Amino acid sequence: MNTSQKELIKATVPILRTNGNDLITYFYQRMLSNNPELKNIFNMANQASGKQQNALSGAVLAYAENIENPTVLINTLKSIGNKHVSLNIQPEQYDIVGNHLIGSIKEVLGDLATVELIEAWTCAYNELALIMISIEAEMYQKTINKKGGWKGWRSFKISKIVKESDEINSFYLKPEDNKEIADFYPGQYISVSAFIPELGHKQPRQYSLSSYSNSEYYRISVKKEISQNTTTDGIVSNALHNKKEGDIIEVSAPAGVFFADPKANNPLVLVSGGVGLTPMMSMVETNKNSLQKNRTVWIHSCRNENVHAFKDTIEELNNENEWLTSFVFYETLPESETNAIEGRIDLHQIKEEILIEDAKYYICGPAIFIKVQYQSLVALGVNRENILYEEFGPQLLSLN
C-alpha cells in the first residue's frame, strides 16, 4: 500500500467506530445469502446474537487503526488463524470474503465510497488476506508434520460418554481409522462439526480438550445449553448430548493459543467459571503426569455442586497431591458438609494463596467473568503479561 492509501484507510476509522457494526451486519447478510455453503463454517448462533458481527467489526477497526504497522496485531492474527485452521478455512474462501466485504463498503457508504477509497480498502484487504493465508499455511503444515496429524476434518467415533454433572457430559473420541492422533498442549481445543436437521446444514463448534494428551483418544466435556431457539448456542451441544456411544462425528486437529507449556517450570494459578473448567482439567491432568509437578492453585466457581463437573476427581487430586491447592465457590451451598465457599469468586479473599512469584495465571469462562477476574488480578499487582484468558465464542475482549 502507498502512503495516500494508508491515509484513506485511517480516514475511515471514525466511520468504523460509529457504523462498523452496521457495515459488518450487512456484509454477513450479503455473503451468506450469495454463498449459503458458508453456513457450514460460520457459527450461526453467533450470527444471531450479533457476537460475530461485533468481533469482526472490532478486528476491522483494529486493522484500520494499525494500518501503518499491522504486525503489532500478530498475536491476535495468530489466534484468528488457529480458529480458521480448526475450521479448515482455505485460501479461496478469502476471495469470497473479500469480494463481499468490498461490495458491502460500496453499497453501505454510497457516495462516500470513492474509487480511491475502494482501491485502498481492496489493497488493504488483499495484504491482510496474504498475511492470514501465510500464517495458516504454516499452521497447517506444522499440524500435518506432527505424528498423527492431519488437515481438515477427520471421522472420530464416540467410544465412551460419561456424565460429569447435571449439565456436562464427557465424550471420549477415537479415530474411526484407528490410526494415530496428534498430541496437544493442555488448554487447546478441537472443532467438532455436526449436521443440524433444524438448520439443514452443518455447524462447527470449538470445545476445549479436557484430558491430558495421549495417543488413544481426545476428551471433550460439553455443557448442554437449554434453549428453545434453534439458532442459539445450545443447538450443537444438544445435538452432541443426543449422540450415543458408537456414533461418528467430524473432528479437526487440536489448535489454540491458550495453553500451559508442560515443559515450563512456572507455578500455575487457574481461575475458571462453570464449564470454563475444561481446559484447566487438561492442565491439571497434564501436571499430574509430568515429572516436575508444578505448583498449582485452582479456583473454580459455579452455581452449586450439582453442576460442578469433575468434582470428585478434583477433590481426590487435591487430597493426594501436595502440588495442588483447590478452592471452590458455590453461589448456593449444599445442605451437607462442604469445603466450598459461598458466593462468587473473590480473589482478594485468597490473595495470600495466589500471589506466587513467577506464576502464570489462566482464566476461562464467560466474558464478564474473565473481565472481573482479570481486573482483580491486576489490582492485586499481577503483571498483565502473566495473565492469559480464553473467552467462550468470538474473541471480543482485549484486556492486555
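Readers should treat all values here as calculations from the given coordinates under stated rules, not as data from a laboratory. Everything numeric here is computed off the predicted structure, so don't read it as measured data. Cβ sites come from the backbone with ideal geometry, for glycine too, and all protein chains shown count toward neighbours.
Listed values, structure above:
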{"item": "Mean-position separation - Cα centroids, the range 1-48 and the range 161-189, in angstrom", "result": "35"}
{"item": "Built amide H within the under 5 Å cut-off of Ser326, gap 5+", "result": "Trp298"}
{"item": "Net dipole in debye of the range 154-251 [+1 Lys, Arg Cβ; -1 Asp, Glu Cβ; about Cα centre; nearest 20]", "result": "100"}
{"item": "Average projection area in nm² (convex hull over Cα atoms of the range 3-145, one quarter of hull surface)", "result": "8.5"}
{"item": "Taking the C-alpha atoms of the range 154-251, convex hull volume expressed per residue in Å³", "result": "93"}
{"item": "Karplus-derived 3J(HN,Hα), 6.51/-1.76/1.60, for each residue of the range 11-18, Hz, glycine and proline x", "result": "5, 8, 4, x, 5, 5, 5, 9"}
{"item": "Longest exposed-site-free window of the chain, the sites being GluC sites (Glu not before Pro) in a DSSP loop that have at most 14 other C-beta atoms within 10 Å", "result": "69-175"}
{"item": "Debye equation applied to the C-alpha atoms of the range 99-162, log10 I(q)/I(0) at 0.14, 0.22 Å⁻¹", "result": "-0.64, -0.91"}
{"item": "Estimated FRET transfer efficiency when R0 is 56 angstrom, pair Thr313-Gln90 (beta carbons, to 0.05)", "result": "0.90"}
{"item": "Partners for Lys142 among aspartates and glutamates (Cα-Cα distance below 14 Å; same-chain residues under 8 apart left out)", "result": "Asp183"}
{"item": "24 Å Cα-Cα reach of Lys360 towards lysines, excluding residues that sit fewer than 8 places from it in its own chain", "result": "Lys78, Lys83, Lys263, Lys288, Lys293, Lys311, Lys351, Lys371"}
{"item": "Tensor-based shape of the range 204-351 (alpha-carbon gyration tensor, a/c under 1.5 rounded, otherwise prolate or oblate)", "result": "oblate"}
{"item": "Rounded to whole Hz, the Karplus (6.51, -1.76, 1.60) HN-Hα couplings of the range 69-81, x for glycine and proline", "result": "8, x, 5, 5, 9, 4, 5, 5, 5, 5, 4, 5, x"}
{"item": "Hits among aspartates and glutamates - C-alpha to C-alpha of Lys202 under 19 Å, sequence gap 8 or more where chains match", "result": "Glu37, Glu225, Asp233, Asp247, Glu250"}
{"item": "Hz values of 3J(HN,Hα) by residue in the range 119-136 - Karplus curve (6.51, -1.76, 1.60), Gly and Pro given as x", "result": "5, 5, 5, 5, 5, 4, 5, 4, 5, 5, 4, 5, 4, 5, 4, 5, 4, 6"}
{"item": "Over the chain: Kirkwood hydrodynamic radius from C-alpha pairwise inverse distances, Å", "result": "22.6"}
{"item": "For the range 268-391, Kirkwood radius (reciprocal of mean inverse C-alpha pair distance, Å)", "result": "14.6"}
{"item": "Nonlocal amide H pairs with Ile220, under 5 Å, H built at 1.01 Å", "result": "Phe171, Leu173, Ser210"}
{"item": "Estimated inter-spin distance, Leu130 and Lys6, nm [label 7 Å along Cα→Cβ]", "result": "1.5"}
{"item": "Point-charge dipole on Cβ atoms (K/R +1, D/E -1) for the chain, about Cα centre, debye to 20", "result": "680"}
